[in-house]
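Structure, as C-alpha cells:
The values are calculated or read from the model by the stated rules, or taken from the named source; none is laboratory data. Owing to the predicted nature of the structure, the values given are computational and were not obtained by experimental measurement. Note that we place each Cβ from the backbone using ideal geometry, even for glycine, and neighbour counts take in every protein chain shown.
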Amino acid sequence: MENSKSLQLENQICFPLYVIAKEITGLYRPFLDEIGITYPQYLVMMVLWENDGLPVNHIGEKLFLDSGTLTPLLKRLESKGIISRKRKKEDERVVEVFLTEAGKQLQKKACEIPGKIQTTIGIETEDLLHLKETVLKILNKIENK
C-alpha cells in the first residue's frame, strides 16, 4: 500500500483533463445551439471549413473518430443540408464530404464562437496557447508509443 497516494483522485492527470474537456464542451453548447449543430458536428465542420471535399476516412483520422461514430454524424449534417456526401468516380469505395452553400454560410456564424468561449472562460490567449501546446506534446508522445 505504499503507492496508495498515486491512486488518489487529486493526484491523477486524467481526471482534470476529463473534467475540463467535459466542462469546455458544455460551454460550447449554447453557442452551437444558436447555429443548430452539436459539438461533434462542429468538429466535423471545422475540418471541412479548413479542407472541403475530404474523404470520410481523412475526416476520421483528423478527429480520431472511427467510421461507426463518424457516419451517423455525417448523416445528420447531410439531413440538415449542411454537407453532401458523394462517392468518388475513380473509386466508388471512397466517399467524399463537401460543404453545401448552407454549410459555407454557417462558417460565418461559427467564427464568433472561439472568441465567445475565451471571453466566457476569462483566460488570456497566451495561457490558452500554452495549455494547447502542453496537451499536444502529451498527445504526440501517446501517439508515438
* Would you confirm whether any residue within the stretch 74-85 is in contact with a Lys or Arg (Cβ under 8 Å, 6 or more places away or on another chain), of a type in the set (D, E, K, R) and either closer than 19 Å to ALA21 by Cα or modelled with pLDDT of 95 or more (or both)? => yes
* Hey, any hits in the stretch 60-81 for a residue that's touching a residue at least 12 places away in the same chain (Cβ under 8 Å), in contact with a Phe, Trp or Tyr (Cβ under 9 Å, 6 or more places away or on another chain) and either hydroxyl-bearing (Ser, Thr, Tyr) or loosely packed, with under 14 Cβ neighbours inside 10 Å (or both)? -> no
* Asked: What do you reckon, is GLU96 of a type outside the set (S, T, N, Q) and free of Cβ contacts under 8 Å to residues at least 40 places away in the same chain?
  -> no
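Based on what the data block shows, is LEU129 out of contact with any helix residue (DSSP H, G or I) (no Cβ under 9 Å at 6 or more places or on another chain) and not hydroxyl-bearing (Ser, Thr, Tyr)?
yes
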* Qualifying positions in the stretch 98-127 - closer than 17 Å to GLU50 by Cβ and in contact with a Leu (Cβ under 6 Å, 6 or more places away or on another chain) -> LEU99
* Asked: Does at least one position in the stretch 13-26 carry a residue that is in a helix (DSSP H, G or I), within 28 Å of LEU128 (Cα to Cα) and either in contact with a helix residue (DSSP H, G or I) (Cβ under 7 Å, 6 or more places away or on another chain) or assigned by TED's automatic domain parsing to the domain that holds ILE138 (or both)?
  -> yes
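Within the stretch 82-104, track down each residue that is of a type in the set (Asp, Glu) and exposed (fewer than 15 other Cβ atoms within 10 Å of the Cβ). If you could, list the steps in order and put the result at the bottom.
Kept after step one, since they are of a type in the set (Asp, Glu), are these residues of the stretch 82-104: 90-92, 96, 101.
Passing the criteria: GLU90, ASP91, GLU92, GLU101.
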* Asked: Of (1) buried (at least 17 other Cβ atoms within 10 Å of the Cβ); (2) in contact with a strand residue (DSSP E or B) (Cβ under 7 Å, 6 or more places away or on another chain); (3) under 23 Å from GLU143 (Cα atoms), PRO55 satisfies all except one. Which?
  -> (1)
